[in-house]
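Participant: Below you will find the structure I want to go over with you.
The values are calculated or read from the model by the stated rules, or taken from the named source; none is laboratory data. Just so it is clear, the model here is predicted, and its values are computed rather than measured. Using ideal geometry, Cβ is built from the backbone for each residue, glycine included, and neighbour counts are taken over all protein chains shown. When the accessible area is computed, the model is the full protein with side chains, heavy atoms only, and any ligands, DNA or RNA have been set aside. Shrake-Rupley method; radii C 1.70, N 1.55, O 1.52, S 1.80 Å.
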Amino acid sequence: MPGRMQRVKVTMVASNVLYQAPIFISICRGLDPAIFDCEFVLLNPGHARFEDTLREFGMPTTRINLYGNRSMPIAFIRLVWHFLRRRPDVVHAHLLHAGLLGMVAAWVTRVKRRLYTHHHANFQPTYFPKRAWIDRMINRFATTIVVATDIVKNVVIKHEGADPAKVELIHFGFSNTEWQSVDAARVEAIRTRY
C-alpha cells in the first residue's frame, strides 16, 4: 500500500533477567505495535520466569544461553547470527553482558541505532575496578546511552568518558494506576505465582 509506514524493528537484549522486571513489562505495554515490531533476546543461563511473562504479553522472545565468561564467544556468534537474520533497525541493550555482546554484535552487523540503558552509577569502578573498561567499551559502541538519573549521567560522562551528546536522561516511568487500585484477585494471583 502506498503511504503505509513500515514498522520499526526493535530488538531488546537483556542479560541475567530471571524474574519479573517491571521496567521491561512497562516497555512492553508502552510500545505501539502499529509502529514497533519488537522482540526480546535474553542472554540467560537457562529458562527463566521472565521468558514466560514476555510470551504472555505476546512478545517474541529468544533465549541465547549464557553461562558465564567461557560461553560468551558462542553467545556472541549466535547473537550476530540472530541480528543478521532479523535485521533490526534498533538494538536496545540492558545490563552488562547484554550491553557488551549486544552493542558489539549490533555494530558488527551494521545496526545504525544502538541504545544501551546504563542501570548503575558506579558499580564497576567501586566493586570491580579492573572491569570498568567494559562500561567504557559499551559506551563507545552505543549510539545512544540512556540513563535514568542525573547521578548516573554524571558518572557516565565524567568517570567513563562518554560523549555527552550521546547521553539521554529518561526517567523511568511506571503506571501509578496499577498500584492505586489493586483488587484481591490480583493479589492472590501474585501470591500463588510467587
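Participant: Would segment 1-94 count as rounded, prolate or oblate if I go by the C-alpha gyration tensor, calling it rounded below 1.5 in a/c and otherwise prolate when a/b exceeds b/c, oblate otherwise?
Facilitator: It comes out oblate by the Cα gyration axes.
Participant: Let me ask something additional. Test of understanding: what is the full-extension gain from His47 to Gln6, defined as 0.36 nm times their sequence separation minus their Cα-Cα distance?
Facilitator: Taking 0.36 nm per residue and subtracting the Cα distance, the gain is 11.5 nm.
Participant: For segment 100-176, what % of the accessible area comes from carbon and sulfur atoms, probe 1.4 Å?
Facilitator: Taking all protein chains in place, segment 100-176 shows 58 percent carbon and sulfur surface.
Participant: Suppose only helical runs count, i.e. DSSP H with n ≥ 4. What mean residue ellipticity at 222 nm does that imply for the chain under -39500 (n - 2.57) per run, divided by all residues and rounded to the nearest 500 deg cm²/dmol?
Facilitator: -11500 deg cm²/dmol
Participant: Can you give the net charge of the other residues whose Cβ lies under 14 Å from the Cβ of Arg49, counting K and R as +1 and D and E as -1?
Facilitator: Local charge sum for Arg49: 0.
Participant: Follow-up question, since we're still on this one. Enter the accessible area of Val8 (Å², nearest 10), with the probe set to 1.4 Å and all protein chains included.
Facilitator: That residue has around 50 Å² of solvent-accessible surface.
Participant: Which of the lysines could be linked to Lys130 by a straight reach, that is with a Cα gap under 29 Å, when you skip same-chain ones fewer than 8 residues away?
Facilitator: Within reach: Lys153, Lys158, Lys166.
Participant: Additional query: So, R0 is 22 Å and r is the distance between the beta-carbons of Phe172 and Ile134; what FRET efficiency does that work out to, to 0.05?
Facilitator: 0.45
Participant: Would you please give the FRET efficiency between Arg85 and Arg55, computed as 1/(1 + (r/R0)^6) with r the Cβ-Cβ distance and R0 = 25 Å, to the nearest 0.05?
Facilitator: 0.80
Participant: Here is a follow-up. Answer with one residue from Thr53, Ile35, His92: the one whose Cα lies farthest towards the positive end of the charge dipole of the chain, charges on Cβ with Lys, Arg +1 and Asp, Glu -1.
Facilitator: Comparing the listed Cα positions along the dipole, His92 ranks first.
Participant: Length gain on complete extension for the stretch Thr149 to Ile77, per 0.36 nm per residue less the alpha carbon to alpha carbon distance?
Facilitator: On the way: separation 72, 0.36 × 72 = 25.92 nm, distance 3.33 nm.
Length gained between Thr149 and Ile77: 22.6 nm.
Participant: Could you state the accessible area per residue of segment 86-194 in Å², with a 1.4 Å probe and every protein chain left in place?
Facilitator: That works out to 60 Å² for each residue.
Participant: Report the relative contact order of segment 46-130, percent, no decimals, based on alpha-carbon pairs under 8 angstrom and at least 6 residues apart. Spell out each step's value before the answer.
Facilitator: Working: 73 pairs, mean separation 19.0, N = 85.
Reported as a whole number, the value is 22 percent.
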